[in-house]
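*Asks:* Next up is a structure, given as structure tokens.
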Amino acid sequence: MRAKKRLGRYAGCMTMSSIHFPFVAGPRRLRCQEVELSKAARLRLQWFEFYQAHHRNARLTCRRFGIAPQTFYRWKRRYDPENLGSLESRSSRPKKLRHPTWSRELEQAVLRIRRQYPRWGKEKLQVLLAREGVDASTSMVGRILTRLKALGHLVDPPHKRVVRGRRKPRFYATRKPWHYQPRAPGDLVEVDTKDLRPLPGIHLKQFTARDVISRWDVIAVHHRATSSAAALFLKDVVARMPFPVRAIQVDGGSEFKALFEAECSRRKIRLFELPPRSPKLNAHVERAQRCHAEEFHELHEVPWNVTGLNQALREWERTYNTIRPHQSLGYRTPREFLDQWRPEGRQEKVSPTS
């Protein structure tokens, strides 16, 4: 008797399941083919077809389709074999909805202020309402804004992308390839400029170059940071670095274009331009600028004219490269590092400094 009741309980499911197999025909199957189910409902129907075909083994069905048992049993209670629409997802809208508790005058005031200041949020709008003598909480103003948007009375302005002028392509400078790694002195020299404003009315530009391998620095001061001044500094770098310079890295400043770029091209020195707003990629020379400011400009009394300052900087440059120990070089000077640097295949001999 119990087995008969169980058979009667699932008799409808078995009949409905057999309709979807290709070898079963009949008018019942034709009627069910007219029902249009969503993708999710068809998948749930496959659950119960598999469930019936495998002796109503729920755990096996859950493992087969990767669903939780609670999910399967919830849909099993909801499933009606005579109504395949019972496998469709139901609306999750709550039965009891919250009705507006504000007046129409308050809603219109929020709409008016928001249209006047379309980018301001509920906190700022609540302050403006309080200035007008309107008492409303911040959360209420937020609910009003949500309702106005849902009704279509309030539409946020579109975001306009501010496009900067397209950068003109450089005729020689390129981005440094990701696989380019400096392995010998001169493989990469970073160059940067620094403002010098020691006294009112005095404005000079300091050019600094640092080799990333040997930490050898070259420093010079000019009146302005122009491409002609940068080209003159490039000649100083080539003359005062005791190894061939094969590549230079600079930022996108205008002083490193025009004549400077042409000079690099003439000397066949590779020129790498940094991406915008990325000083961290020029970290070696940035650290050098700070070191020269702390250990030279802040400690020495120097003449603030180009000729006198360059003479003082040449003496400091000699101290920096031949006397000052560098922690990154194992507390050796750049001069000592170059004297001890003997990689395999090295052809150029390090010459004494000028």
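*Asks:* Specify which of the listed residues (97, 125, 87) is more than 30 Å from residue 48 (Cα to Cα), in contact with a helix residue (DSSP H, G or I) (Cβ under 9 Å, 6 or more places away or on another chain) and among the aliphatic types (A, V, I, L, M).
*Replies:* Details: 97 fails: in contact with a helix residue (DSSP H, G or I) (Cβ under 9 Å, 6 or more places away or on another chain); 87 fails: more than 30 Å from residue 48 (Cα to Cα).
Selected residue: 125, the only one of 97, 125, 87 that is more than 30 Å from residue 48 (Cα to Cα), in contact with a helix residue (DSSP H, G or I) (Cβ under 9 Å, 6 or more places away or on another chain) and among the aliphatic types (A, V, I, L, M).
*Asks:* Just to be sure I understand, how many residues within the stretch 97-106 are among the hydrophobic types (A, V, I, L, M, F, W, C), at pLDDT 90 or above and in a loop (DSSP other than H, G, I, E, B)?
*Replies:* Our first condition is that a residue be among the hydrophobic types (A, V, I, L, M, F, W, C); within the stretch 97-106, this holds for 97, 102, 106.
Then drop every residue that is not at pLDDT 90 or above, which leaves 102, 106.
Subset that is in a loop (DSSP other than H, G, I, E, B): 102.
Final tally of qualifying residues: 1.
*Asks:* Is there a residue being surrounded by 18 or more Cβ atoms within 10 Å (Cβ to Cβ) and more than 18 Å from residue 205 (Cα to Cα) anywhere in the stretch 298-321?
*Replies:* Yes, because at least one residue in the stretch 298-321 is surrounded by 18 or more Cβ atoms within 10 Å (Cβ to Cβ) and more than 18 Å from residue 205 (Cα to Cα).
*Asks:* Confirm whether residue 97 is touching a residue at least 40 places away in the same chain (Cβ under 8 Å) and either more than 30 Å from residue 150 (Cβ to Cβ) or exposed (fewer than 10 other Cβ atoms within 10 Å of the Cβ) (or both).
*Replies:* So residue 97 does not fit the description; no.
*Asks:* Confirm whether residue 178 is assigned to a loop (DSSP other than H, G, I, E, B), without any contact (Cβ under 8 Å) to a residue 12 or more places away in the chain and surrounded by 10 or more Cβ atoms within 10 Å (Cβ to Cβ).
*Replies:* no
*Asks:* Please state which of the following conditions residue 193 fails to meet, knowing it meets all the rest: (1) without any contact (Cβ under 8 Å) to a residue 40 or more places away in the chain; (2) assigned by TED's automatic domain parsing to the domain that holds residue 288; (3) hydroxyl-bearing (Ser, Thr, Tyr).
*Replies:* (1)
*Asks:* From 121, 152, 85, grab the single residue that is at positive phi and modelled with pLDDT under 95.
*Replies:* Among 121, 152, 85, only 152 is at positive phi and modelled with pLDDT under 95.
*Asks:* Suppose we keep only residues that are of a type in the set (A, V, I, L, M, F, W, C) and part of a loop (DSSP other than H, G, I, E, B) within the stretch 227-280. Which one would you say is surrounded by the fewest Cβ atoms within 10 Å (Cβ to Cβ)?
*Replies:* If we take residues in the stretch 227-280 being of a type in the set (A, V, I, L, M, F, W, C) and part of a loop (DSSP other than H, G, I, E, B), then 258 is surrounded by the fewest Cβ atoms within 10 Å (Cβ to Cβ).
*Asks:* Report whether or not residue 335 is crowded, with 18+ Cβ neighbours inside 10 Å, modelled with pLDDT of 90 or more and within 41 Å of the chain's Cα centre (by Cα). Steps first, answer last, please.
*Replies:* On the way: crowded, with 18+ Cβ neighbours inside 10 Å: yes; modelled with pLDDT of 90 or more: yes; within 41 Å of the chain's Cα centre (by Cα): yes.
When the stated conditions are applied, residue 335 passes them.
*Asks:* Check residue 70 against each of (1) modelled with pLDDT under 90; (2) over 30 Å from residue 135 (Cα atoms) and name the one condition it does not meet.
*Replies:* In the conditions (1) modelled with pLDDT under 90; (2) over 30 Å from residue 135 (Cα atoms), residue 70 misses (1) alone.
*Asks:* Of the conditions (1) touching a helix residue (DSSP H, G or I) at 6+ places or on another chain (Cβ under 6 Å); (2) over 17 Å from residue 184 (Cα atoms); (3) of a type outside the set (Asp, Glu), residue 245 clears all except one; give me its number.
*Replies:* For residue 245, the exception is condition (2).
*Asks:* Here is a follow-up. I'm trying to understand the selection: among the residues of the stretch 51-96, which are over 21 Å from residue 38 (Cβ atoms) and part of a loop (DSSP other than H, G, I, E, B)?
*Replies:* 54, 55, 56, 57, 94, 95, 96
*Asks:* Among (1) farther than 19 Å from residue 182 by Cα; (2) free of Cβ contacts under 8 Å to residues at least 24 places away in the same chain; (3) assigned to a helix (DSSP H, G or I); (4) of a type in the set (Lys, Arg), there is one condition residue 224 misses while meeting the rest; what is its number?
*Replies:* Residue 224 satisfies all of (1) farther than 19 Å from residue 182 by Cα; (2) free of Cβ contacts under 8 Å to residues at least 24 places away in the same chain; (3) assigned to a helix (DSSP H, G or I); (4) of a type in the set (Lys, Arg) except (3).
The values are calculated or read from the model by the stated rules, or taken from the named source; none is laboratory data. Since we're looking at a predicted model, the values are computed, not measured. Methodologically, a virtual Cβ is constructed for each residue, glycine included, from the backbone with ideal geometry; neighbour enumeration extends over all protein chains shown.
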